[in-house]
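The values are calculated or read from the model by the stated rules, or taken from the named source; none is laboratory data. A quick note: this is a predicted structure, and the numbers were derived from the prediction, not measured. With ideal geometry, Cβ positions are generated from the backbone for all residues, glycine too; neighbour counts draw on all protein chains shown. The area values use the complete protein model at the heavy-atom level, side chains included, leaving out ligands, DNA and RNA. Shrake-Rupley method; radii C 1.70, N 1.55, O 1.52, S 1.80 Å.
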Amino acid sequence: MTSASDRLLRGIGVSPGIAMGPTVRVRWALPEVPHRVVPRTQVEKEVRRLRAALKDVRRQFTELRARAADRAGLDEARIFDAQLLMLEDKDFIDGVIELIRENHLTAEKAFEFKTLEVRDLWSAAGNPLLKERLADLTGVAIRVIQHLMHSGEAEVWEMIAEPSIIVARELSPGLTVQLDREHVVGLISEEGTRTSHAAILAHSLGIPAIFGLRDAVARIRPGTRAILDGTRGTVLLDPTPEEVEEAGRNDTRRRELTARLEEAVTQPSVTLDGVHVALRGNVDLPDEITAAKVHGAEGVGLLRTEFLITGHSVLPSEDEQTHYFTRVGEAFSGHPVVIRTYDLGGDKFPAPFRGPVEPNPQLGWRAVRVCLDEPEMFRTQIRAVLRAAVSANLHMMIPLVTRLDEVERTREMMLEEAARLEKSGVAAAKSVPLGVMVETPAAAVMADRLAEISDFLSVGTNDLTQYTLVVDRGNARLADRFTPHDPSVLRLLKLVAEAARAAGKPASVCGEMASEPLSAFLLLGLGYETLSVAPPALPLIKWLIRQVTTAQARSAAEAALAARSADLALDILRFALAEAVDLTLLDPDARLPAGRRSGSLKL
Ligand code: PEP
Ligand code: MG
């Protein structure tokens, strides 16, 4: 028997839960289309065939959308809108017709050519959103081509004798929405990430799934039995009876935790000693508005605005932005929504805004620096915030601040734009609370002065960790070194919380660490009473807050601050949290460091 590590494959867990069963391989790819030309006299007949197929496939997608609405919800059903739009895309369809007319191709060959051309274009664009939409394009093309070739989509479940785990190179939303847990207990795909439409659907349908598992098709023989853990993103092949038993126990624990988390959603976010911790959601894409709401977010602590630019060929207009900010603001009825102004540059330079080629983009022209140097773009965004603030509780926050004058100049611009709007008779707020994102060591060290001139501070621990430890946040080789629990980062976090408190200004944390239970406990202990977290993590963090006291959190934070390394700080937090919470519920592998008692930990 090969060792467990040889049998363990890792991908991205996109839908939680444990699945066990045999694997079945599903081929979901463009069908082979024979190269055939038609006589000139038949060209128009091919065009008519194409139009008829498009009409039929549009009907199929409308039915799939209805099915998704029924099974997964209205928001998920909108996933199929993207595909319906592709079927109506005039440029695309005209391109296919041109290929038929000019090259006398069959409708299916012309559709295949055009699809491959657009796929190449999108793959080369380097734009993650376009890459995400590749699966939608393939899904549309498969159906249209199969329809034209009269080959019909293979019914997966017809090949499945017992509940199985599907393994595919890529999975479409159209296929996923038709799956049911009676036949399909888990999904593995080589392509795709958490934000792929098929992943979102798998999550809503409650089917555990792992995407982005490289070479899955080659590495997993059809029929191999496997244990899929969608929470951790692992697949264990040929499990032993003991491993099956252990997976069953973990599954029971997870279900228990899930039931408790569901209860937490409707309960208040208060600690055992009655302190209210405001839990807000981080919203990167419009899809997450609903996710944050249903998970009980008290507003949005970080509304990223880069998506308004990414994937578009021009900068968004003032009206478009006003509309989006109004939509988000109104969705959270009175709770604050913190709009972060464009954080372009570094790892985020979208198409309509070609940045310069820089030797060190993370230390270059980014975020507030770009905005202040491009005042028209910045002022347009500021005006949109002020206009939307008429009907919602909006705040504005600037990223990557390193100097006081960046905040002062932004405030000046805000007041000037408010005056301009008033003069032109446009309904707009006179100002909105202006916050500083503390995500550079410079800002953390100057937090007392920044707190004086701003209305709130919000710590971006992703960048603060990167810049404090000089560790590129996206470099997999340095992933072990990227830890916000490093004593240096902890000291900065403490400094910021104290500076805000002394100035009487609120401070929150909106970096990823707030979404993780041990860190949320630590942040509470450091004095942060507002956390903004990834929407799916909201119930877990609330459940945790409801089981601890601020005194427990404070003493754990104090001990962690005194630790000499990130690992020791984490051990201390684990020990302290274990007094309040059953840690094995959070992580079945959670083990307290052997032979250590919390009182005798060596710091
Ligand atoms: C951060 O840096 O912690 C943060 C929240 O911003 P982003 O991840 O968008 O850089
Ligand atoms: Mg950041």
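Find the Rg to Rh ratio for the range 40-148, where Rh is the Kirkwood radius over alpha-carbon pairs and Rg uses the same atoms.
We get a ratio of 1.01 for the range 40-148.
Taking all Cα pairs closer than 8 Å and separated by 6 or more residues, the relative contact order of the chain comes to 13 percent.
Just to check, using Stokes-Einstein with a Kirkwood Rh over alpha carbon pairs, what's the diffusion coefficient of the chain at 10 °C and 1.306 mPa s in µm²/s?
60 µm²/s
For E374 and S123, a Förster radius of 35 Å and the Cβ-Cβ distance give a FRET efficiency of 0.75, rounded to the nearest 0.05. Solvent-accessible area of T258, all protein chains in place: 70 Å² (probe radius 1.4 Å, heavy atoms, ligands and nucleic acids excluded). The distance separating the Cα centre of the range 70-102 from that of the range 355-373 comes to 36 Å.
Using a simple spin-label model with pseudo-atoms 7 Å out from Cα toward Cβ, K90 and D287 lie 2.9 nm apart. Here r is the Cβ-Cβ distance between A502 and L8 and R0 is 41 Å; the resulting FRET efficiency, rounded to 0.05, is 0.25. Of all DSSP-defined beta bridges confined to the chain, some 35% are antiparallel rather than parallel.
Were the residues from N475 through E452 laid out at 0.36 nm apart, the gain over their Cα-Cα distance would be 4.7 nm.
Summary of the geometry: the range 419-490 and the range 541-580, compared by the centres of their Cα atoms, lie 24 Å apart. Taking all protein chains as they are arranged and a probe of 1.4 Å, the heavy atoms of I572 leave approximately 10 Å² accessible to solvent. Distance between the modelled labels on D405 and R260, one decimal in nanometres: 5.3 nm (7 Å Cα→Cβ projection). Ligands, DNA and RNA excluded, the heavy atoms of E318 present near 40 Å² of accessible surface to a 1.4 Å solvent probe.
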